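Below is one structure, written out as structure tokens, with a few remarks after it.
The values are calculated or read from the model by the stated rules, or taken from the named source; none is laboratory data. Please read all numbers here as calculations on a predicted model, not as lab measurements. Cβ: placed from backbone, ideal geometry, glycine included. Neighbour counts: every protein chain shown. Please note that ligands, DNA and RNA were not included when accessible areas were found on the heavy atoms of the full protein model with its side chains. Shrake-Rupley method; radii C 1.70, N 1.55, O 1.52, S 1.80 Å.
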Amino acid sequence: EAGVAQSPRYKIIEKRQSVAFWCNPISGHATLYWYQQILGQGPKLLIQFQNNGVVDDSQLPKDRFSAERLKGVDSTLKIQPAKLEDSAVYLCASSFQQNTEAFFGQGTRLTVV
Amino acid sequence: DAKTTQPPSMDCAEGRAANLPCNHSTISGNEYVYWYRQIHSQGPQYIIHGLKNNETNEMASLIITEDRKSSTLILPHATLRDTAVYYCIVRVMGGNEKLTFGTGTRLTIIP
């Protein structure tokens, strides 16, 4: 069974530039999560989708971050404009239903310089 | 905010049992205890979960105290590949509750 796919694996951008991350969840998984993990900390949930609807985006900095899952499958997370403090690993995860076991991708490591 | 307390780090000798404690004194009756681990440069990996009975699978055992205020994850025969950060999470089964990670326990397996 294929796992959660994320791309790119690494990205370096200058502050004030924009960046986008892509996630392809496990086939059939209705719930999709985006997490931000700053070095030395646990992952922090940014947004949770159920199919193509948003369940929770309370910790998403909406002035610069946006995410979509238009067809209820793939998802993109965008940052515009990026700040130095956005340097982190961005993790995508999916689960068959809400509150069942979540499977994580390897993440995208973003460095903002 | 995470609802659990874990020691920041632990060491364990290779081949011995690794016992990772977790305190969750404010756990509600409908909240499960989940364990995930994160090996360096990888995403978190689900290990096991339980409500009040002890659970065992091919990776680990989960022992939950009778009052459910604490639990222990047991890796019966630790290997070097078990070196990782282990996260204990309490979460309602069903509903929209978030999967919230704390800072976890960094387990180092020593050869």
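Scan region B:1-16 residue by residue and report those that are in a strand (DSSP E or B) and away from every other protein chain (no Cβ under 14 Å). Of everything in region B:1-16, those that are in a strand (DSSP E or B) and away from every other protein chain (no Cβ under 14 Å) turn out to be B:Met10, B:Asp11, B:Cys12, B:Ala13. Look through region A:58-108, keep the residues that are aromatic (Phe, Trp, Tyr) and more than 9 Å from chain B (Cβ to nearest Cβ), and return whichever of them is nearest to B:Arg91 (Cα to Cα). It comes out as A:Phe96.
Under the condition of being open to solvent by 40 Å² or more (accessible area, probe 1.4 Å), touching a Lys or Arg at 6+ places or on another chain (Cβ under 8 Å) and more than 25 Å from B:Tyr87 (Cβ to Cβ), the residues counted in region A:48-67 number 3.
The residues of region B:58-71 that are farther than 15 Å from B:Val90 by Cα and open to solvent by less than 50 Å² (accessible area, probe 1.4 Å), listed by number, are B:Ala60, B:Ser61.
Applying the set (1) surrounded by fewer than 19 Cβ atoms within 10 Å (Cβ to Cβ); (2) outside any strand (DSSP E or B) to B:Asn19 leaves exactly one unmet item: (2).
Annotation: A:Cys23 fulfils all but one of (1) under 24 Å from B:Ile48 (Cα atoms); (2) not in a loop (DSSP other than H, G, I, E, B); the unmet one is (1). Looking only at residues of region A:68-89 that are of a type in the set (Ser, Thr, Tyr) and under 13 Å from the mean Cα position of the chain (by Cα), we find that the one that is surrounded by the fewest Cβ atoms within 10 Å (Cβ to Cβ) is A:Thr76. Looking only at residues that are part of a strand (DSSP E or B) and of a type in the set (S, T, N, Q) in region A:93-102, which one is farthest from A:Arg16 (Cα to Cα)? Among those that are part of a strand (DSSP E or B) and of a type in the set (S, T, N, Q), it is A:Ser95.
Number of residues in region B:24-49 that are farther than 18 Å from B:Ser61 by Cβ and either in contact with a strand residue (DSSP E or B) (Cβ under 7 Å, 6 or more places away or on another chain) or β-branched (Val, Ile, Thr) (or both): the value is 8. Contact map, region B:59-75: residues that are within 10 Å of B:Asn19 (Cβ to Cβ) paired with residues that are open to solvent by less than 30 Å² (accessible area, probe 1.4 Å) and charged (D, E, K, R), Cβ distance under 6 Å, separation 6+ or inter-chain. Pairs shown: B:Leu75/B:Asp82.
In summary, A:Leu45 fulfils each of the numbered conditions (1) facing chain B (nearest Cβ under 10 Å); (2) surrounded by fewer than 20 Cβ atoms within 10 Å (Cβ to Cβ); (3) not aromatic (Phe, Trp, Tyr) with the single exception of condition (2).
Tell me whether region B:26-46 contains one or more residues that are out of contact with any Gly (no Cβ under 9 Å at 6 or more places or on another chain), farther than 23 Å from A:Gln59 by Cβ and crowded, with 16+ Cβ neighbours inside 10 Å. Scanning region B:26-46, I find no residue that is out of contact with any Gly (no Cβ under 9 Å at 6 or more places or on another chain), farther than 23 Å from A:Gln59 by Cβ and crowded, with 16+ Cβ neighbours inside 10 Å, so the answer is no.
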